[in-house]
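Worksheet: the structure to be examined is printed underneath.
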Amino acid sequence: MIRSGPCRVLLLVGGALIAVAAGAQSGRGIREPVDEANPLVGTAPLDRADLLGNAPPPGEPAYSGQTSPGARVPHSGVEVAPVNVNIELNYPFGVPTPYHYPNATMIGFTAGGGPTYGGRAKPLFMPVVGDWTVPPAYTQVHYDKTRETAAPGYYSVALDGGTVVELTATRLSGLMKFAFPKTDRAAVLVNLPRAGGTIEVVGDHVIRGLSAPQGDRETADGPYFVAEFSRPFSGFGTFRKAPGDGAAWGIGDKDVEAKRRSVAGSYAGGYLDFAAQRGETVLVKVAHGHSYAEAEARLRSEQPGWDFAGVRGAARAAWAQLLDKVKVTGGTPRQRQLFYSTLFQSFASPRLIARKGERLMRQGGGRR
């Protein structure tokens, strides 16, 4: 932990000296450290030959920071992240990173539920308008890069078709906001990836599930999840990959059934329809646990209501308190942004997996 004090050091960032004082006060007109951090830093490839001495072949997704821009709090147990890399079918990085900046389509959003953040987290949530497809042929939706925003504890993106997605988080739960356009064909898809498991639709507000065991890839925060929606769904159903050993399928090799409340198997999932004739907003809060009761208890403890602004504000405040411990002066605005962005990413790990009296979350293999 960095502690405040009178010490002062110099860092070389991008060829310029930057003065760093632990616990120093920011000057008048200087942006706060939490405003300098940009979680998108590190998500694009670094392929400039003049910096690296060599460069990858055109189109090869190499030399990326392999970081995620998702919403989380310092050392949190979960990250609420955008997923634009389908690692079930394509694993180009050697690391299960969920997001690569140049990728133009989104396949879903996650809120924990895996031994690592992002790519292996489950289930995937995807708001769709109109037709959709069953995974692993995920419904890919283009998104507007000019309307993509990331800040400590927050992420937002505008999908083609008019849906705007916002993400934020607490230590052990995630909160998503889907602002649909005016439509009579809005839905949210919820699915467990390749290993699958069990999905159950409960009443008209809740979907829950149990991930299939995966040995060393057992979910660190528990294999059970509970997702509660702020509005009742007008229709529902479940789906899965058709029975068999094949990893994927062709036309007709899928099992989709309206009004079926539970399903088990590879790529098990559910779809929830919403009436959005006036362009309504749907929120969903998600928690995991080693039982449904534990997941529900975490939801009640950390998110008793539907206050997206409050949860986002608390996440920002947690980051501000931490990043305020280091104040930077000098250098260029870009250099200060790079400093705080990399400092921000450094506090994503190690993860806080248990406090005194809590069940120890088992850490899975792999790296973040």
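The values are calculated or read from the model by the stated rules, or taken from the named source; none is laboratory data. What you are looking at is a predicted structure, and each value in this text was computed from that prediction instead of being measured. Cβ atoms come from the backbone with ideal geometry, glycine included; neighbour counts cover every protein chain shown. These area figures cover heavy atoms from the full protein model, side chains too; ligands, DNA and RNA do not enter into them. Shrake-Rupley method; radii C 1.70, N 1.55, O 1.52, S 1.80 Å.
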Which is modelled with pLDDT of 95 or more and not small (Gly, Ala, Ser), of Pro193, Pro127, Pro136? Pro127
For residues that are open to solvent by 10 Å² or more (accessible area, probe 1.4 Å), modelled with pLDDT of 95 or more and assigned to a strand (DSSP E or B), tally how many sit in segment 211-254. 3
Hey, Pro127 buried (at least 24 other Cβ atoms within 10 Å of the Cβ) and part of a loop (DSSP other than H, G, I, E, B) or not: no
Please find, among Ala37, Ala71, Ala22, the residue that is at pLDDT below 70 and open to solvent by less than 20 Å² (accessible area, probe 1.4 Å). Ala22
Restricting segment 318-337 to residues that are within 24 Å of the chain's Cα centre (by Cα) and crowded, with 20+ Cβ neighbours inside 10 Å, the residue that is farthest from Arg31 (Cα to Cα): Ala318
Ala309: passes all of (1) of a type in the set (A, V, I, L, M); (2) open to solvent by less than 60 Å² (accessible area, probe 1.4 Å); (3) modelled with pLDDT of 95 or more but (2)
Inside segment 281-290, the number of residues satisfying the requirement of being open to solvent by less than 40 Å² (accessible area, probe 1.4 Å) and over 30 Å from Thr183 (Cα atoms) is 2
Any residue at all in segment 159-178 that's open to solvent by less than 30 Å² (accessible area, probe 1.4 Å), on the phi > 0 side of the Ramachandran plot, free of Cβ contacts under 8 Å to residues at least 60 places away in the same chain and in contact with a Gly (Cβ under 9 Å, 6 or more places away or on another chain)? no
